[in-house]
């Protein structure tokens, strides 16, 4: 065997071994990849500049979802906020500031296993719990205007809920077409061949959304590639909007003037 063939054989063996190892690790740890929850002690005290009330919402199966209800002085309506896959409300609560200043109350809650919420998170539990949270809101808070705001993996929950219980408007930040498209761009060639426990098929659900839809995505998103969000464009209706923010990544879209101006127009 020539030296060149020997080198190619070694490279092939290394690449094959890398793929097999990546596949095994993904199968074993994909729940952690998708649900990067960080628990909080039940006596943890939240600290935010905005006025808020802490609530525990019962969703059945002896599960309580911990929620924060941020309040403006003269609310025009409510934003039901579905956060991303990492952390808990101690991290996500700061984003309520973007909307309180525009005259909207915000309700955001932790998924099962996140923060002070108990239980174990799955794709189906996210969808089912969203309906129960919405029912609680309709009984206890009663707003004329309700906007769903989904971020990253939370966009899947927001879209499915909107397809069944239409809000006034649906806003999606850094969404994806399906969970395979939400993997890191550099991992895409491998990850699309993996076996997934969950689908989070936003493309299928978005077809059934009748309310106005607004999408924000950045060109430099290293978590959810822009190409994944662009595949949702084919399911947008006349009047829906897709805003591509130059230089925006997965975590900083709210710092761009384009985002701020559009949000201000939406919530005027």
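Observations on the model:
- Leading residue by the ranking (nearest to residue 36 (Cα to Cα)) among those in the range 162-180 that are over 13 Å from the mean Cα position of the chain (by Cα) and buried (at least 22 other Cβ atoms within 10 Å of the Cβ): 162
- Per the conditions (1) under 18 Å from residue 129 (Cβ atoms); (2) at pLDDT 85 or above; (3) surrounded by fewer than 17 Cβ atoms within 10 Å (Cβ to Cβ), the sole criterion not satisfied by residue 46 is (1).
- Residue tally, condition modelled with pLDDT of 95 or more and either over 21 Å from the mean Cα position of the chain (by Cα) or in a strand (DSSP E or B) (or both), over the range 31-41: 2
- Qualifying residue in the range 16-30 (condition: at pLDDT below 95 and assigned to a loop (DSSP other than H, G, I, E, B)): no
- Residue within the range 103-124 that is in contact with a strand residue (DSSP E or B) (Cβ under 6 Å, 6 or more places away or on another chain), free of Cβ contacts under 8 Å to residues at least 40 places away in the same chain and over 19 Å from residue 213 (Cα atoms) present: yes
- Near pairs, Cβ below 8 angstrom, 6+ apart or cross-chain, from the range 157-170 (over 17 Å from residue 108 (Cα atoms)) to any residue that is part of a helix (DSSP H, G or I): 163/205; 163/206; 164/131; 165/131; 165/134
- Boolean, residue 45 is assigned to a loop (DSSP other than H, G, I, E, B) and without any contact (Cβ under 8 Å) to a residue 12 or more places away in the chain: yes
- Residue in the range 74-101 that is surrounded by the fewest Cβ atoms within 10 Å (Cβ to Cβ), counting only those that are part of a loop (DSSP other than H, G, I, E, B) and either modelled with pLDDT of 95 or more or in contact with a strand residue (DSSP E or B) (Cβ under 8 Å, 6 or more places away or on another chain) (or both): 76
- Residues satisfying the stated conditions in the range 55-65, i.e. more than 13 Å from residue 136 (Cα to Cα) and surrounded by 14 or more Cβ atoms within 10 Å (Cβ to Cβ): 63
- Subset of the range 129-155 [in a helix (DSSP H, G or I), surrounded by fewer than 16 Cβ atoms within 10 Å (Cβ to Cβ) and touching a residue at least 12 places away in the same chain (Cβ under 8 Å)]: 131, 132
The values are calculated or read from the model by the stated rules, or taken from the named source; none is laboratory data. Bear in mind the structure is a predicted one, so any value in this text is a computation, not a measurement. Cβ: placed from backbone, ideal geometry, glycine included. Neighbour counts: every protein chain shown.
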